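Everything on this sheet refers to the single structure shown next.
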Amino acid sequence: ILFVLPDEARIAEYFSQALSEVPGITSCLVCLGNMPVSVGVNSEVCNECASLRKKVRGMLLMPNNFTCKLATMQNRHAIKLGISDHTFGFFIFQTDSSGISEPYWPFLSNLANYVALSLENRMQKLLLEKASNELEDKVKERTEELITLNAQLEEKIQDRIIIEEALHGSQQRYRDIFDNVFDGLYLLEATEDGRFRTIEVNPALERLTAIPRSQSVGKTQEEIVPEE
């Protein structure tokens, strides 16, 4: 039943009605969540503890050392709904004077412990769900960042491809001109001693000098085209 009931208010309503049917109990108030739920008991007497409730992991808790003052009233009994670390609320019973309810107190105490343990499990479940949702949000956020970075990288790669293709086309056009002009051409680079050596010659220069390209590369300008 505790796992089927959607929230603390429904849990309180269910047990308030069910436990009021126990022999010798004239009414039951379940102080749990935002508001106490009562059957035949004025819930206004619990306003004092309402301000002490604090929300922890999605559930309202009372201080562990809190004592319900209703327990001190005549024909009233209060059983804490709590475990060692958390106090969720109270079962508060109003009894008649017959004493017929006495045999039920061990059962009611065990029931209160079971309800408290179930509420603790529910709170831990809420905590796990919150942690899971936060993790999913982080994964989603990181995934979106990676998608954006991947798109930017892809864009840069495409830009690089375009540049390299343009450069290759430019080099090919240059090579076509260099290899097919009728004038003899050669490319030089400076050496450490201030001289210039040949790094490339075109076919026209090979014909004009009768020196094969393989013999021209690496030589100085004067060695390829001697001064007259």
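Looking only at the stretch 94-112, count how many residues are over 45 Å from the mean Cα position of the chain (by Cα) and either outside any helix (DSSP H, G or I) or of a type in the set (S, T, N, Q) (or both). Residues in the stretch 94-112 being over 45 Å from the mean Cα position of the chain (by Cα) and either outside any helix (DSSP H, G or I) or of a type in the set (S, T, N, Q) (or both): 8 in total. The criterion of at least 1 residues that are in contact with a Ser or Thr (Cβ under 7 Å, 6 or more places away or on another chain) is met, among helices (runs of 4 or more DSSP H) falling completely within the stretch 121-228, by 213-216, 221-224. Within the stretch 152-187, restricting attention to residues that are β-branched (V, I, T) and open to solvent by less than 100 Å² (accessible area, probe 1.4 Å), the residue that is modelled with the lowest pLDDT is V181.
Given the structure, is L128 aliphatic (A, V, I, L, M) and under 30 Å from F93 (Cα atoms)? So L128 does not fit the description; no.
Looking at the stretch 65-92, which of its residues are outside any strand (DSSP E or B) and open to solvent by less than 80 Å² (accessible area, probe 1.4 Å)? Passing the criteria: F66, C68, L70, A71, N75, I83, H86.
All of (1) within 30 Å of A9 (Cα to Cα); (2) part of a helix (DSSP H, G or I); (3) open to solvent by 80 Å² or more (accessible area, probe 1.4 Å); (4) not aromatic (F, W, Y) hold for V115 with one exception: (3). Of all residue pairs spaced 6 or more apart or on separate chains, those with beta-carbon atoms under 8 Å, a first member in the stretch 55-82 that is within 22 Å of P106 (Cβ to Cβ) and a second member that is acidic (D, E) and open to solvent by 40 Å² or more (accessible area, probe 1.4 Å) are N75/D96. Filtered by the rule that a residue be aliphatic (A, V, I, L, M) and open to solvent by 70 Å² or more (accessible area, probe 1.4 Å), the stretch 209-227 gives a lone residue, A210. Every condition in (1) closer than 20 Å to S20 by Cβ; (2) modelled with pLDDT of 75 or more; (3) crowded, with 18+ Cβ neighbours inside 10 Å; (4) not hydroxyl-bearing (S, T, Y) holds for P103 except the one numbered (3).
Considering the stretch 118-147, and only residues there that are of a type in the set (A, V, I, L, M, F, W, C) and open to solvent by 100 Å² or more (accessible area, probe 1.4 Å), the residue that is modelled with the lowest pLDDT turns out to be L128. Filtered by the rule that a residue be in contact with a strand residue (DSSP E or B) (Cβ under 8 Å, 6 or more places away or on another chain) and open to solvent by less than 40 Å² (accessible area, probe 1.4 Å), the stretch 195-208 gives T198, E200, V201, N202, L205.
The values are calculated or read from the model by the stated rules, or taken from the named source; none is laboratory data. All of these numbers come straight from a predicted model, not from anything done at the bench. Cβ coordinates were reconstructed from backbone atoms using ideal geometry, including for glycine residues, and neighbour counts include every protein chain displayed. SASA here: full protein model, heavy atoms, side chains in, ligands and nucleic acids out. Shrake-Rupley method; radii C 1.70, N 1.55, O 1.52, S 1.80 Å.
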